[in-house]
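One structure is given below, encoded as structure tokens.
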């Protein structure tokens, strides 16, 4: 290595590079297959390539092996690894990743507050509509 190369600052890679023409990638995590399909369909119709996971551990595995994830939409109550832990784990590697947390209407406000503290840019209480989801996506991407 030449001395000019050693003086260059190391660039921290916050997310993997992707081809310019590729669609933004969304990872949706929920143990309810109907929610997965519904959220996936909305995001696909709005220009995302969608990847689905039904557990927190499956989502974490996908995240570790995926080339790019541009948006995470996760339920907070998940089997094997809950949504708060999933967000915290991902934040260690991707602090810049936009995150939307979802939770059932019967969940306490404390769980929603915790999601915000873990770094969820938006929190949606189920049930929610298409406009609410798209508004949350816009908020999370800001």
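Does residue 101 count as under 11 Å from the mean Cα position of the chain (by Cα), at pLDDT below 85 and not in a helix (DSSP H, G or I)?
No: the conditions fail for residue 101.
Which one is nearest to the chain's Cα centre (by Cα), of the residues in segment 56-76 that are crowded, with 17+ Cβ neighbours inside 10 Å and not in a helix (DSSP H, G or I)? My answer is 72.
Among the residues of segment 25-46, those that are surrounded by fewer than 16 Cβ atoms within 10 Å (Cβ to Cβ) and either modelled with pLDDT under 95 or not in a loop (DSSP other than H, G, I, E, B) (or both) comprise 33, 34, 37, 41, 44, 45. Considering segment 108-124, and only residues there that are modelled with pLDDT under 85 and not in a helix (DSSP H, G or I), the residue that is farthest from residue 98 (Cα to Cα) turns out to be 108.
The values are calculated or read from the model by the stated rules, or taken from the named source; none is laboratory data. Owing to the predicted nature of the structure, the values given are computational and were not obtained by experimental measurement. We place every Cβ from the backbone using ideal geometry, glycine too, and count neighbours over all the protein chains shown.
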